[in-house]
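Since the structure comes first, as structure tokens, the remarks are kept for the end.
The values are calculated or read from the model by the stated rules, or taken from the named source; none is laboratory data. Worth saying up front: this structure is predicted, and the values here are computed from it rather than measured. Note: ideal-geometry Cβ built from the backbone for every residue, glycine included; neighbour counts use all protein chains shown.
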Amino acid sequence: MFRARLPFSWVVAGVALAAYAALNHYVMAVHPGSSLAAWLPLAPVAMAAAAVAWRSRWRYPLLGAGLLALVWLSPDRLAPGEKVLYAYLAEHVGINLLLGWGFGSTLLAGREPLCTRLARSVHGALPPEVERYSRAVTAAWTAFFAGVAAVSLLLFFSASIDAWSIFANFVNLPLAVAMFVAEYRVRLRVLPDFPHASILTGFRSFTASPKPAGAVAESGRG
């Protein structure tokens with residue numbers, strides 16, 4: 001199940017995420033009123049916006065506008081003191097709700113569930129029982145992200161900031177990995193006769209571009 005090697009870029013990304021999480025926790029627990037605390041929540045947003053801008057035909061004007069926005073958003077303009085913690089809360093809850101919506105919106109009538117689409121990109125045509133299972137998995141991921149957002153809000157307003165930060169920075173991602181592993185084991189039991197993709201292939205399918213139906217079918221035969 002874990003024999004395939006992780007791509008080096010994934011290892012680098014994992015180390016970067018761990019370092020960012022550790023820095024986030026340190027700043028929130030020790031220096032919540034610092035300028036660094038005010039800037040850190042903007043980092044993922046800025047990187048995502050830059051990635052989107054780079055794919056646009058107007059990449060340079062958009063990147064220039066983004067740079068000007070960052071210059072304008074000096075630490076003095078951002079919420080000082082403990083109020084900046086709400087930016088971290090908004091970032092964590094917002095990301096999970098956005099992911100939940102990304103899964104849940106595909107369960108609406110007339111749309112193909114996201115996990116069904118991912119399975120189809122790997123295996124090609126799917127039997128009915130696999131389509132039903134992948135729809136249930138899509139619903140499970142929707143509930144997972146909604147649950148993480150709910151727990152985040154509950155801890156932020158009813159527990160200590162340290163407890164919330166540990167959950168947001170150190171527990172959330174391992175929970176998602178555990179969800180992948182648990183789903184894989186359930187899939188082996190529920191669909192024993194179906195040719196299962198590895199967990200690594202499942203991770204890759206989230207970022208891989210969909211293949212044309214003919215190419216998928218050919219790759220499935222190979």
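Quick look at the values:
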{"read-out": "Residue match in region 112-119 (condition: farther than 27 Å from ALA18 by Cα and surrounded by fewer than 19 Cβ atoms within 10 Å (Cβ to Cβ))", "value": "yes"}
{"read-out": "Residues within region 152-170 that are surrounded by fewer than 17 Cβ atoms within 10 Å (Cβ to Cβ), under 21 Å from GLY94 (Cβ atoms) and without any contact (Cβ under 8 Å) to a residue 24 or more places away in the chain, tallied", "value": "5"}
{"read-out": "Subset of region 131-140 that is touching a residue at least 40 places away in the same chain (Cβ under 8 Å) and buried (at least 17 other Cβ atoms within 10 Å of the Cβ) - its residue that is nearest to the chain's Cα centre (by Cα)", "value": "VAL137"}
{"read-out": "Failed item, numbered, when ALA163 is tested on (1) modelled with pLDDT of 85 or more; (2) within 14 Å of the chain's Cα centre (by Cα)", "value": "(2)"}
